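These notes are about the structure you will find just below.
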Amino acid sequence: MNFDATISTPIRDAQKALSLAARIVATAPNTPSARLHALQKMADHLREYVRSGWLNPATVSGKIFEVAALHGLAGEPGSDQEAAIMQIAMSANLPSELRSTGRHDGKSDDASMPTMPSLETKTPGAWKGTELFKQRWLAAARIPCGDLTLYSGNGGAGKTETAVQLLVSVTAGLGDWLGCVVETGPALFLSCEEPEANIRDRIERICKHRCIDPHAIEDLHLHFPDLEATWLVTADRFGKITKTALLQQIELWISVRRPILVVIDSIAAVFDGEAIARRQVRSFLAMLRKVARDNEAAIVLLDHPSVRGMADGSGTANSVDWRNSVRAMLHLSDADKNDPDSRELEVKKSNYGRAGEKIKLRWNGQTFVPATSAQSSSYRAAAERDVDELFLKLLDKRIAQGRPIRPSNGRGSAPFELAGDPEANGVSADAFRAAMERLFTAGRIVSVETGPASKRRKHIERAPR
């Protein structure tokens with residue numbers, strides 16, 4: 001029997017190949033070594049189905065033991081024969097580089113066993129004396145650092161426009177994006193749908209609205225791949241996802257430049273796989289999440305919702321695994337039919353915060369802005385409170401270190417020193433300066449003079465309670 005002929009098309013023949021397993025061994029010469037060899041050959045072929053997601057590893061292992069028992073190959077519990085069958089079952093579920101190519105004659109041979117990594121575990125005791133990880137946000141309560149965010153919306157709704165607003169705000173140190181606080185740092189924009197001229201127009205309009213010079217933004221990096229070479233991953237005939245040269249180049253660039261934000265426009269242009277295939281979707285997103293976590297970068301993926309996602313307002317597209325595999329999801333609505341300048345940005349999912357935030361936006365002739373001054377003020381007030389608390393936290397740290405900070409402005413002042421602190425999370429000196437004034441006004445900090453009469457110095461302390 002030609003076993004290779006039974007695996008010509010993985011999707012159609014996976015279950016058929018599994019059902020033929022007993023016949024493959026049964027047609028081998030009636031000796032233990034020959035049938036063990038046939039069993040191993042069967043495992044080698046089925047392994048491709050396991051790796052591609054067409055067969056469950058437990059199902060394949062169970063079938064191997066079933067066939068082994070049927071032909072008297074399994075042996076007694078704990079015997080060398082059972083160990084040989086265990087080895088074959090493991091090889092069917094391991095990558096080829098971990099697969100044994102050793103002996104199957106019923107004798108023990110430790111050198112031929114697959115090198116299975118040991119399972120690492122932790123107990124809560126390992127956390128004792130360590131600081132609990134605190135989630136950082138690129139955009140407060142909307143876009144987490146070190147993870148993936150899906151940003152969906154119909155074509156023409158304004159996803160790219162608002163995403164470019166985010167890129168400008170982060171790289172120009174503006175500190176806010178559509179009513180929430182954002183970090184400051186370098187960013188990368190992979191534009192696979194819009195040409196350079198369109199993105200330039202967006203950036204220059206947005207900068208004009210914010211009264212800044214677009215040509216002075218040195219940390220905003222843009223890449224416009226050839227429209228026929230935008231794939232970040234491809235899928236082979238078994239459904240295995242493989243990185244392209246473009247993704248490898250991006251990974252290297254990110255590891256060297258360390259951007260805090262990466263925006264990819266869009267999923268449809270970079271994912272050359274089956275958008276409804278769970279294993280392929282999860283494999284692709286796992287690759288990107290590793291990049292995000294290894295480099296503490298927020299990666300935002302722009303996406304178009306499916307017809308169903310548009311109809312029910314969920315904003316989802318294709319497989320639910322796109323939504324389930326990311327930690328946050330934003331959705332931008334279409335324009336109101338009676339008001340073409342209005343939009344609504346909604347936080348559809350947030351694993352690290354509260355979902356459900358809705359922000360009314362309006363087109364002001366140059367770009368999108370929060371629709372009402374009250375709404376804008378409420379988010380700005382929340383953002384200011386966050387900066388105030390960070391100012392106090394860093395003030396306490398400096399005092400504990402014996403490094404007081406001055407209430408003046410300019411180089412060496414409190415705002416300048418705190419902005420350079422590793423825990424400043426990208427908050428600018430201007431934002432700290434505004435926080436200092438608010439805290440002085442509220443009576444939460446005071447200026448204290450110390451030193452001899454001939455050389456008095458001022459520094460900031462918390463006000464006595």
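What the table shows:
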read-out	value
Residue-span extension gain [Leu252 to Gln15] - 0.36 nm each, minus C-alpha spacing	81.3 nm
Simple label model, 7 Å out from Cα along Cβ direction - Asn30 to Lys358, nm	7.6 nm
Mean Cβ neighbour count within 10 Å, used as a protection proxy, ranking 35-42, 330-337 highest first	35-42, 330-337
Cβ-defined net charge surrounding Val446, 11 Å radius [Lys, Arg +1; Asp, Glu -1]	+1
Heavy-atom accessible area order for Ile445, Ile217, largest first, 1.4 Å probe	Ile217, Ile445
Solvent-accessible ranking of Lys63, Lys208, Lys240, Lys159, largest area first, probe 1.4 Å	Lys208, Lys240, Lys63, Lys159
Residues Lys458 and Glu384, FRET efficiency given R0 of 30 Å [Cβ-Cβ distance, rounded to 0.05]	0.75
Table column - 3J(HN,Hα) (Hz), segment 349-354, Karplus curve with 6.51, -1.76, 1.60, x for Gly and Pro	8, 8, 5, 10, x, 9
Rh by Kirkwood over Cα pairs, then Stokes-Einstein D for segment 170-234 at 1.306 mPa s and 10 °C, µm²/s	119 µm²/s
Entries in Lys290/Lys393; Lys397/Lys455; Lys16/Lys63; Lys16/Lys41; Lys122/Lys290; Lys337/Lys360 that, when Cα-Cα distance is taken, lie over 19 Å	Lys290/Lys393; Lys397/Lys455; Lys122/Lys290
Potential lengthening between Lys290 and Glu449 on full extension [0.36 nm per residue; Cα-Cα distance subtracted]	52.2 nm
Isotropically averaged projected area of segment 123-182, using the convex hull of Cα atoms (one quarter of hull area), nm²	6.0 nm²
Karplus-derived HN-Hα couplings along segment 163-168 (A = 6.51, B = -1.76, C = 1.60, θ = phi - 60°), whole Hz, x at Gly and Pro	5, 5, 4, 5, 4, 5
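The values are calculated or read from the model by the stated rules, or taken from the named source; none is laboratory data. Source: prediction; values computed, not measured. For neighbour counting, all protein chains shown are included, and Cβ atoms are generated from backbone atoms with ideal geometry for every residue, glycine included. Please note that ligands, DNA and RNA were not included when accessible areas were found on the heavy atoms of the full protein model with its side chains. Shrake-Rupley method; radii C 1.70, N 1.55, O 1.52, S 1.80 Å.
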